[in-house]
Amino acid sequence: MSRPRIVIVGAGFAGYRTARTLSRLARGRADITLLNPTDYFLYLPLLPQVAAGILEPRRVTVSLSGTLRQARLVLGEADRIDLDARTVHYTGPEGDGGSLSYDRLVLAAGSVNKLLPVPGVAEHAHGFRGLPEALYLRDHVTRQVELAAAADDPAECAARCTFVVVGAGYTGTEVAAHGQLFSDAQVHKHPMRTGMRPRWLLLDIADRVLPELDERLSRTADRVLRERGVDVRTGTSVKEATREGVLLSDGEFVDTRTLVWCVGVRPDPLAESLGLPMERGRLLVDPQLRVPGRPEVFACGDAAAVPDLEEPGQYTPMTAQHAWRQGKVCAHNVAASLGDGEPRPYRHSDLGFVVDLGGVKAAANPLGVHLSGPVAGAVTRGYHLAAMPGNRVRVAADWLLDAVLPRQAVQLGLVRSWSVPLDTASPELARVPSGPGREESGAEEAAGQASGPTGSRPGGEPGKGRSGPRPPAGPHLAPGPVKRTDVPADPDDPAGPGHPADPLEGDS
């Protein structure tokens, strides 16, 4: 008798935990296949520290093949799921297609950047959901500070030193908090930057930062941000984004070359493509994480609308904390569906929240105890070390080095502006040119075939367009700097005519 085939789509918090727990429960009695665009699990809560130069990128990644020895890793993006044929169709990293048959399917595709119909945002803003976006922002902030220091025009200097973050939830608050420290450190001891003061704006239409959390945490975060110099504006958002800056909802125009979009997330479009009952873009499941009418299909994490048994009538929020715990329950219930144990419902009460505000500052309420300052900072970092499934020693070592050594503010140029469009269905992947005769992947099609820019980004960067020529193709192209030949020369771009291709631009 053949072993049951289990396919897990996605290796975020929910998918990774499902695969790890199932590997232990199955003990080789099932064929477990994990389909994911990358070969790593990304620990998202520490991504702002990558953008701020505290942690090296690999510190927040955990090798899938190295930690899931009982699971087969298939690199690719799921394009289509045939529920009747029990088959997942996918596109590999080099454009080749494939399919996976299953007896049990776990949909844990996660989420992508949430878009709003604001003119210019898709063209001029970047999200913060994947490692490429974090690397992009780190280089971009460094570049803007360097260009500002060399600018003769005070207005240009001020615009390049102004950074706008939209969304004061977890991600936006931490990006602004770490970003202010990062940019301040770059100008602190540089002789050519005397008098420069980077300015960070944090905007949210809500009436306070961290609106989804306890008010005491919100007040602590707000106080730390304002003391640090972050311009926190509640009840305010972006009305329009342009190359030169952003028009705010209160009528003010802010000159800037940086717009970071952190307004929230939406479920991966793959869930909606199944044609099953949905709840605000999330696949409806029962408390055992099963899809009604499809006993062989399970869903968890951001892609699933899981009933909240602690608050009847509600669904669990789209947080890493819930996704991680749902993954464990999902694994047990998949095993139970194959005759190993009894199914269990997902039930979880929040034990508290932590918000890293950079330096030694944080806001936390473990077990309902409100903490702030260095104590909260220690609790926050301790929580992250305990929650990470790997790299704990390396992360702790980077924190120690950051405490005693200055940060290295240099541009690596690994990710270009057009490589990280806001409206991508795969924020974990940087867009790359297609080789000759190569079809675009399903993710690129879902992103509106936006891998090639025709417009311009703020800061003189090559931009992303809806249509038009793509970056030059070649047989062996890989992610990284690409010499542009299809956009007008930009005076801020050192890779323009007369200059060699140069990895100067690439930013979080």
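Assorted remarks:
- Net length gained if the chain between Arg347 and Ala150 were fully extended (0.36 nm per residue, minus Cα distance): 65.3 nm
- Heavy-atom accessible surface of region 134-210: percent carbon and sulfur, 1.4 Å: 58
- Based on protein heavy atoms only, region 341-438 ends up with 47 Å² per residue of surface accessible to a 1.4 Å probe.
- FRET efficiency estimate (nearest 0.05) - Cβ-Cβ, Glu310 to Thr87, R0 41 angstrom: 0.65
- Exposure of Arg325 as accessible area (Å², to 10), given a probe of 1.4 Å and all protein chains: 70
- Projecting the Cα atoms of Val369, Tyr383, Leu351 onto the charge dipole of region 252-394 (Cβ charges, centred on the Cα centre) puts Tyr383 farthest toward the positive pole.
- Rolling a 1.4 Å probe over the protein heavy atoms of region 1-96, with every protein chain left in place, gives an accessible area that is 44 percent carbon and sulfur.
- Under 5 Å, built H, 5+ apart or other chain: amide partners of Gly97: Gly92
- Dipole-positive endmost among Ala221, Thr242, Cys262 within region 211-273 (Cβ charges, Cα centre): Ala221
- Signed unit charges on C-beta, dipole axis of region 65-134, positive-most listed residue Gly110, Gly127, Gln70: Gln70
- Charge dipole (Cα centre; +1 on Lys/Arg Cβ, -1 on Asp/Glu Cβ; no other charges) of region 233-376 amounts to roughly 160 debye.
- Residues in region 99-112 carry Karplus couplings, in order, of 9, 10, 8, 9, 9, 9, 10, 10, 9, 9, 6, x, 9, 10 Hz; the curve used is 6.51 cos²θ - 1.76 cosθ + 1.60 with θ = phi - 60°, and Gly or Pro positions show x.
- Taking Cβ atoms as reference points and 13 Å as the exclusive limit, the residues near Arg266 contribute a net charge of -1, counting Lys and Arg as +1 and Asp and Glu as -1.
- Dividing the convex hull volume of the alpha carbon atoms of region 166-229 by its residue count gives 76 Å³ per residue.
- Local electrostatic count, Gly28, Cβ distance below 11 Å [Lys/Arg +1, Asp/Glu -1]: +4
- Point-charge dipole on Cβ atoms (K/R +1, D/E -1) for region 99-167, about Cα centre, debye to 20: 400
- Between Ala386 and Arg27, the simple label model (points 7 Å from Cα in the Cβ direction) yields a spacing of 3.0 nm.
- Note, ³J(HN,Hα) from phi for region 32-48, Karplus 6.51, -1.76, 1.60, rounded to Hz, x at Gly and Pro: 9, 10, 10, 9, 8, x, 10, 9, 9, 8, 9, 8, 4, x, 9, 4, x
- Sites Glu296 and Gln408 - FRET efficiency at Förster radius 41 Å, r taken between beta-carbons, to 0.05: 0.25
- Taken one residue at a time, the phi angles of region 380-396 give Karplus couplings (6.51, -1.76, 1.60, θ = phi - 60°) of 4, 5, x, 4, 5, 4, 6, 7, 5, x, x, 6, 4, 5, 5, 5, 4 Hz. Gly and Pro are set to x.
- Residue-normalised accessible area of region 28-148, expressed per residue, 1.4 Å probe, Å²: 35
- Multiplying the residue separation of Asp96 and Ile205 by 0.36 nm and removing their Cα-Cα distance gives an extension gain of 34.9 nm.
The values are calculated or read from the model by the stated rules, or taken from the named source; none is laboratory data. Keep in mind the model is a prediction, meaning the values are calculated, not measured. Ideal geometry is used to build each Cβ from the backbone, glycine not excepted, and the neighbour counts take in all protein chains shown. Just so you know, the surface numbers come from the protein's heavy atoms only, side chains and all, with ligands and any DNA or RNA stripped out. Shrake-Rupley method; radii C 1.70, N 1.55, O 1.52, S 1.80 Å.
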